[in-house]
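The values are calculated or read from the model by the stated rules, or taken from the named source; none is laboratory data. Here the structure is a predicted model, which means the values were calculated and not measured. All Cβ positions, glycine included, derive from the backbone under ideal geometry; neighbour counts span all protein chains shown. Protein only, heavy atoms only, side chains kept; ligands, DNA and RNA dropped before computing areas. Shrake-Rupley method; radii C 1.70, N 1.55, O 1.52, S 1.80 Å.
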Amino acid sequence: DAKTTQPNSMESNEEEPVHLPCNHSTISGTDYIHWYRQLPSQGPEYVIHGLTSNVNNRMASLAIAEDRKSSTLILHRATLRDAAVYYCILRDPPSGNTGKLIFGQGTTLQVKP
Amino acid sequence: DTGVSQNPRHKITKRGQNVTFRCDPISEHNRLYWYRQTLGQGPEFLTYFQNEAQLEKSRLLSDRFSAERPKGSFSTLEIQRTEQGDSAMYLCATNPGQTTNEKLFFGSGTQLSVL
């Protein structure tokens, strides 16, 4: 599986935008970029995913570089409830057919009031 | 609440005892995954079921670990002769299984402490 690189931790102020970076220089043409987050004492939850184009949903936006070697998860207005570990994961649907996710260590986001 | 239910939420056991965890998936979710997560690490894949068939097992799943999914509904993960190194959060995740790019729905996990 292709690897991703994320900062170990980031801080943000409440109600400010947060940009969480992810590098994936070995990404293949069929890899989708998925983001999950894990709040304390809970299982991971899906945030967003994309292939080439930028994506928006009610939780966040995903900006994908033109060469696809990096991406950024954008939380438009951080709240205290957004404090979590954010995982950037590459997923290649055609291979293996299992649909499993391989997690790295993620970025721990702290949100200050 | 994602709809994936895991029981118990917490389990404390003595080294050498057997433990069993249960995962109840969202109705009609054909795929079920087990993960293990230790403190400060991301979840590690253990095994995967498509309906009742166990199709993939990680090398992390030693012979003391066994997982079942009878009738393709709930699943159990059993650890025999527990060791202190088995202390971790055990997470279950499911998805419909219609395509390989579907998101996974995770339960809240079972926290195992082996004394």
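Averaged per residue, what accessible surface does chain A expose to a 1.4 Å probe, in Å²? Walk me through the numbers on the way to the answer.
On the way: 5840 Å² over 113 residues.
Accessible area per residue: 52 Å².
Using a Gaussian network model on chain A with a 10 Å cutoff between Cα atoms, which of A:Tyr87, A:Tyr32, A:Tyr46 fluctuates the most?
Of A:Tyr87, A:Tyr32, A:Tyr46, the most mobile in the Gaussian network model is A:Tyr46.
Check which residues have an amide H placed less than 5 Å from B:Ser5's amide H, if you skip close sequence neighbours.
B:Asp24
List, largest first, the extents of the alpha carbons of segment B:47-115 along their principal axes, each in whole Å.
In descending order, the Cα extents are 41, 22, 21 Å.
Along segment B:105-114, what does the Karplus equation 6.51 cos²θ - 1.76 cosθ + 1.60 (θ = phi - 60°) give for ³J(HN,Hα), rounded to whole Hz, x for Gly and Pro?
My calculation for segment B:105-114 gives 10, 9, x, 7, x, 10, 8, 9, 10, 9 Hz in order.
How many percent of all Cα-Cα pairs in the protein assembly as shown sit more than 28 Å apart? Spell out each step's value before the answer.
Numbers: 8096 of 25878 pairs.
Roughly 31 percent, once rounded to a whole number.
Mind listing the phi-derived Karplus ³J(HN,Hα) values for segment A:70-80, rounded to whole Hz, using 6.51, -1.76 and 1.60 with θ = phi - 60°, and x for any glycine or proline?
Running phi through 6.51 cos²θ - 1.76 cosθ + 1.60 with θ = phi - 60° gives 8, 8, 9, 8, 10, 9, 6, 9, 5, 10, 4 Hz.
Quick one: with all protein chains in place, what share of the accessible area of segment A:1-91 is carbon or sulfur, to the nearest percent (1.4 Å probe)? List each step's numbers first, then the result.
Values: 2150 of 4740 Å².
For segment A:1-91, the apolar C and S fraction of the accessible surface comes to 45 percent.
Using DSSP to call loops (not H, G, I, E or B), can you name the trypsin sites (Lys or Arg not before Pro) in segment B:1-56 whose Cβ has at most 16 other Cβ atoms within 10 angstrom? Walk me through the numbers on the way to the answer.
Working: sites: B:Arg9, B:Lys11, B:Lys14, B:Arg15, B:Arg22, B:Arg31, B:Arg36; in loops: B:Arg9, B:Lys14, B:Arg15.
Taking segment B:1-56 and a limit of 16 other Cβ atoms within 10 Å, the loop trypsin sites (Lys or Arg not before Pro) found are B:Arg9, B:Lys14, B:Arg15.
Roll a 1.4 Å probe over the protein heavy atoms and report the accessible area of A:Glu14 in Å², nearest 10.
Its accessible surface works out to 70 Å², give or take rounding.
Select from B:Arg59, B:Arg69, B:Arg81 the residue whose mean-square fluctuation is largest in a Gaussian network model of chain B (Cα-Cα springs shorter than 10 Å).
Looking only at B:Arg59, B:Arg69, B:Arg81, the largest GNM fluctuation is found for B:Arg59.
Quick check: Cα centre of segment A:46-113 to Cα centre of segment B:5-51, how many Å?
Using only Cα atoms to place each centre, the spacing works out to 24 Å.
Carbon and sulfur atoms: what percent of the 1.4 Å accessible area of segment B:1-44 do they account for?
Details: 1110 of 2590 Å².
That share works out to 43 percent.
Dividing the Cα convex hull volume of chain A by residue count, how many Å³ per residue is that? Please list the in-between numbers first.
Values: hull volume 10.7 nm³, N = 113.
Per-residue hull volume (Cα only) is 95 Å³.
Can you tell me what percent of all Cα-Cα pairs in chain B are more than 17 Å apart?
51 percent
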